[in-house]
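Right, one structure below, let's go through it.
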Amino acid sequence: MARLNISRIIPIVLVLIIVAVAIAALVSLTRAVFFSGSSQTASTIDVGREALLDTKADRSVRMTVRGSIVADEEFRSYQITIAPANRSLTTYTGYLDKKVDQVILGNNTPAYEQFVYAADRANIMKGTELSGDKNDTRGICATGRVYQFEVLKADKVIKNLWTSTCRGSLGSLDANIDQLTNLFVVQLPTADVLIRKISL
């Protein structure tokens, strides 16, 4: 009689153990699939945004604009960098970046803070940073302009997003390019005059 009861209990216990192991495996798999990927994406986005909104002295935000790919004598580009202590604009001619004009003005932390929060609201860090060949802008948008936006810490790029005026080369930035470029240009009173001077 005791043997009969044990032979009935053993299969039930084994089934309960198998069900418990299966449930634990399913819970682990669900966590791995649905939660680990989304938390990585959130942390990646947060890194760029946190770096942008940090107003320490070694931080800066840079915009580089490149014109059409033409003869070396006709090629034009410019770069605007905004930091807590200064603002600068440099215009270039040729692929070797020969300086045409440069202006450097002072800045202060409250002004920089207003700028980076405005840039954040304009989605300057919205987009997924590309890697490898997909992030190589050489030859991209040969008949238009390429816009590159970088957040830096001690001159080291924390996040780099770019876009262009060519439909086939939208890049990694997901923001209104006119809104962003205007935000940078108005940080320096003579910027628009110097940019027009190079006929980009």
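The values are calculated or read from the model by the stated rules, or taken from the named source; none is laboratory data. Predicted, not measured: the structure shown is a model, and the values here were computed from it. Positions of Cβ are backbone-derived with ideal geometry, glycine not excepted, and every protein chain shown enters the neighbour counts.
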Original post:
Which of the residues belonging to segment 159-176 are of a type in the set (V, I, T) and surrounded by 18 or more Cβ atoms within 10 Å (Cβ to Cβ)?
Top reply: T163
**OP:** Please tell me if L52 is outside the structural domain of Q114 (by TED's automatic domain parsing) and modelled with pLDDT of 80 or more.
**Re:** yes
Original post:
For segment 163-195, what are the residues that are in a helix (DSSP H, G or I) and more than 21 Å from C141 (Cβ to Cβ)?
Top reply: L183, A191, D192, V193, L194
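To keep it simple, each residue is scored yes or no on (1) modelled with pLDDT of 95 or more; (2) surrounded by 15 or more Cβ atoms within 10 Å (Cβ to Cβ); (3) not assigned by TED's automatic domain parsing to the domain that holds E129.
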{"residue": "T41", "(1), (2), (3)": "no, no, yes"}
{"residue": "G67", "(1), (2), (3)": "yes, yes, no"}
{"residue": "I80", "(1), (2), (3)": "yes, yes, no"}
{"residue": "R87", "(1), (2), (3)": "yes, yes, no"}
{"residue": "D97", "(1), (2), (3)": "yes, no, no"}
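A quick yes/no check of all residues on (1) in contact (Cβ under 8 Å) with a residue 40 or more places away in the chain; (2) under 15 Å from G67 (Cβ atoms):
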position	(1), (2)
Q102	no, no
F115	yes, no
S131	no, no
G144	yes, yes
Y147	yes, yes
Q179	yes, no
L183	yes, no
**OP:** Kindly indicate whether D120 is touching a Leu at 6+ places or on another chain (Cβ under 7 Å), surrounded by fewer than 19 Cβ atoms within 10 Å (Cβ to Cβ) and part of a strand (DSSP E or B).
**Re:** no
